[in-house]
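Visitor: Have a look at this one before I ask anything.
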Amino acid sequence: MTESTAPDLDPEDRKIVTLARSARARNGVPEGAAVRDETGRTYVAGTVSLDSLKLSALRTAVAMAVASGANSLEAAAVVTAAAEVPAEDLAAVRDLGGPATPVHVAAPDGVVRVTVSAG
């Protein structure tokens, strides 16, 4: 996994960070996430916490992309208070997007703290 500090994001990456932040706030969940597939479609999700099913927001967004027929990912974003992205979340992004897929990690205020690669 490679890492860089808060980059200047292009408008499409800024969009997925905003969508992830909105999902977190709207649903009152610990995390919000968004991914963009190879055609530019976005998939937005929040943390799933049921008695029988627990998924992070990022894994949920990847699952939504797969279920909708996405073949690859261009980028992902997660808005979280956590200090880092769990390995399982990065693995889900890597499985669909490949090891170089950027994952933008933002604080709850939407400021990107770091961008890591899925690999």
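Visitor: What number, rounded to the nearest 500 deg cm²/dmol, is the helix-based mean residue ellipticity at 222 nm of the chain, given -39500 (n - 2.57) per DSSP H run of at least four residues and division by all its residues?
Guide: My calculation for the chain gives -10500 deg cm²/dmol from helical runs alone.
Visitor: While we're looking at this one, here's another question. Out of the DSSP beta bridges found with both residues in the chain, what percent are antiparallel (nearest 5)?
Guide: Given both bridge residues lie in the chain, the antiparallel proportion sits at roughly 85 percent.
Visitor: Per residue of segment 105-116, what does 6.51 cos²θ - 1.76 cosθ + 1.60 with θ = phi - 60° give for ³J(HN,Hα)? Whole Hz please, x for Gly and Pro, Karplus curve as stated.
Guide: Karplus values, whole Hz, x for Gly and Pro: 10, 10, 6, x, 7, x, 7, 6, 7, 7, 10, 10.
Visitor: Which residues' amide hydrogens lie under 5 Å from the amide hydrogen of Gly32, considering only partners 5 or more residues apart or on another chain, with H built in the peptide plane?
Guide: Arg24, Val79
Visitor: Here's a follow-up. Which value, in Å², gives the accessible area per residue of the chain when a 1.4 Å probe is used on the protein heavy atoms?
Guide: On a per-residue basis, the chain sits at 50 Å².
Visitor: For segment 41-119, what % of the accessible area comes from carbon and sulfur atoms, probe 1.4 Å?
Guide: 57 percent
Visitor: Relative contact order of segment 1-85, please, whole-number percent, based on alpha carbon pairs below 8 angstrom and at least 6 residues apart.
Guide: Details: 151 pairs, mean separation 26.0, N = 85.
Here the relative contact order equals 31 percent.
Visitor: Tell me whether segment 50-90 comes out rounded, prolate or oblate; compute the Cα gyration tensor, take square roots of the eigenvalues as a ≥ b ≥ c, and use a/c under 1.5 as the rounded threshold.
Guide: It comes out oblate by the Cα gyration axes.
Visitor: For Kirkwood radius over Cα pairs in Å, one of (1) 16.8; (2) 14.5; (3) 13.5 was computed from the structure I shared and the rest are decoys. Which label?
Guide: Among (1) 16.8; (2) 14.5; (3) 13.5, the one derived from this structure is (3).
Visitor: Which shape class, rounded, prolate or oblate, goes with segment 17-60 when its Cα gyration tensor gives a ≥ b ≥ c as root eigenvalues, a/c under 1.5 marks rounded, and past that a/b bigger than b/c marks prolate?
Guide: Oblate shape, in that a/c is at least 1.5 and b/c is the bigger or equal ratio.
The values are calculated or read from the model by the stated rules, or taken from the named source; none is laboratory data. This one's a predicted model, so the numbers in the text were calculated from it and none came from an experiment. In case anyone asks, the SASA skips ligands and DNA or RNA and just uses the protein heavy atoms, side chains included. Shrake-Rupley method; radii C 1.70, N 1.55, O 1.52, S 1.80 Å.
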